[in-house]
Amino acid sequence: MSPSETRFNARFIVRLAVAAGLAATAWLAPQAASAASPTVDKIRARGELVCGVSQGSAGLSLPDSSGRWSGLDVDYCRALAAAVLGDGEKVRFVPLSSANRFPVLQSGDIDVLARNTTWTVTRDASLNALFVGTLFYDGQGFLVPKKLGVTSARQLNGAAVCVQPGTVNEQNLVDYFRANAMTFRPVVIESLPELEAAFYAGRCDVYLSDASTLAASRANRAPRVEDFVILPERIQKSPLSPVVRNSDPAWFQIARWTLNLLIEAEETGITSANVDQLRTSSRDPNIRRILGVTPGVAEALGLDAEWARRIVKAVGNYGEIYQRNLGPGTRLNLERGQNALWNQGGLLYAPPFQ
Ligand SMILES: N[C@@H](CCC(=O)N[C@@H](CS)C(=O)NCC(=O)O)C(=O)O
């Protein structure tokens, strides 16, 4: 090798080393940015994630006769457990009422609240809580017995309305009747089973809630499903979101990007059936980033590279979860509607996994 070649090689090696150093720093940067999460530490020390759910609303969170929970909110918590504990089954579900859900979240007794909770500005800004993102786009509506002969909410003047305290439903009820110059008689009952028993026994004419709750109630509790109708009006938007405390930003990021991962996996065609194969053989740069073959995403969140694969393996993508719990073929039989992907006429949209 001539002296000039040696000098060239030496310069090349130095450049290579500098480039490698820069690359290493570039990858270190997101790692350094991902702060440790006290909530994750607590979950790992405990060996299970504690998830606040409803006391029973089919499709969202409901235990079966053997005590096994299922539903969209439930699967979201299983996804979180798969991400941070490596096992979607390591979740303890804590049933909460409408009224005690926020105090229990604030007390630290649960790691996340996934309980058909509507995202509103006052809740977001004043409860020391962070809303993770919309897991289900719902709307508030009315369930009535067919024999009432009512086809529109505008015909409900003077009705007795069953409503649960501690919900946004109460305020929506007052606003809607006032705005339409109608009166109503509230029948306020805290326990959902008692409220439903009262409604189906005819103690109130109308049951006001999220349309998903009404569909679940009618499917599971109505003496005869065909005797009850959900009126067409949706009197208020009701985006349902998981909630975490605002004291742990790193946990909030994991919670938010777990939801986004479920949506992004559906959009990119990653399913529980093909995720292992895609992880080993996909050439698609986006899929490789999502599944941690190309590093960056997991490191930014402070998770290991397998987190996304484990989530999809445990619960499937958003579409699979929806189909299993709420979609056509289930007792709720709800079309995707607003809960379809943004490129299929719905509102679900995850920011890029980059
Ligand atoms: N999405 C509304 C309503 C949530 C809610 O608590 N709905 C009641 C039905 S009206 C429910 O799910 N109850 C189940 C339970 O009490 O366990 C909110 O966040 O305020």
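Numbers for the structure displayed
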quantity	calculated
Strands (runs of 3 or more DSSP E) lying entirely in the range 96-187 (those with 2 or more residues that are closer than 17 Å to GLY52 by Cα)	129-131
In the range 104-119, the residues that are within 13 Å of the ligand (Cβ to nearest atom) and touching a Pro at 6+ places or on another chain (Cβ under 9 Å)	LEU113, ALA114, ARG115, THR117, THR118, TRP119
The listed residue being of a type in the set (D, E, K, R), more than 18 Å from the chain's Cα centre (by Cα) and away from the ligand (no atom under 16 Å from the Cβ), out of ARG256, ARG221, ARG203, ARG154	ARG154
Residue satisfying all of: in the range 188-201; part of a helix (DSSP H, G or I) and in contact with a strand residue (DSSP E or B) (Cβ under 8 Å, 6 or more places away or on another chain); nearest to ALA219 (Cα to Cα) among these	GLU196
Count - residues of the range 120-165 that are under 30 Å from GLY108 (Cβ atoms), modelled with pLDDT of 95 or more, polar (S, T, N, Q) and touching a helix residue (DSSP H, G or I) at 6+ places or on another chain (Cβ under 7 Å)	2
Residue match in the range 268-275 (condition: in contact (Cβ under 8 Å) with a residue 40 or more places away in the chain, crowded, with 18+ Cβ neighbours inside 10 Å, over 19 Å from GLY133 (Cα atoms) and of a type outside the set (D, E, K, R))	yes
Top-ranked residue in the range 121-142 [being polar (S, T, N, Q) and over 15 Å from the mean Cα position of the chain (by Cα); ranked as farthest from the ligand (Cβ to nearest atom)]	ASN128
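Condition check ((1) touching a residue at least 60 places away in the same chain (Cβ under 8 Å); (2) among the hydrophobic types (A, V, I, L, M, F, W, C); (3) assigned by TED's automatic domain parsing to the domain that holds SER54; (4) surrounded by 13 or more Cβ atoms within 10 Å (Cβ to Cβ)) across all residues:
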| position | (1), (2), (3), (4) |
| --- | --- |
| PRO165 | yes, no, no, yes |
| LEU173 | no, yes, no, yes |
| ALA181 | no, yes, no, no |
| PRO186 | no, no, no, yes |
| GLU190 | yes, no, no, yes |
| LEU195 | no, yes, no, yes |
| ASP205 | yes, no, no, yes |
| ARG218 | yes, no, no, yes |
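The values are calculated or read from the model by the stated rules, or taken from the named source; none is laboratory data. Predicted, not measured: the structure shown is a model, and the values here were computed from it. Every residue, glycine as well, gets a Cβ built from its backbone with ideal geometry; the counts of neighbours run over all protein chains shown.
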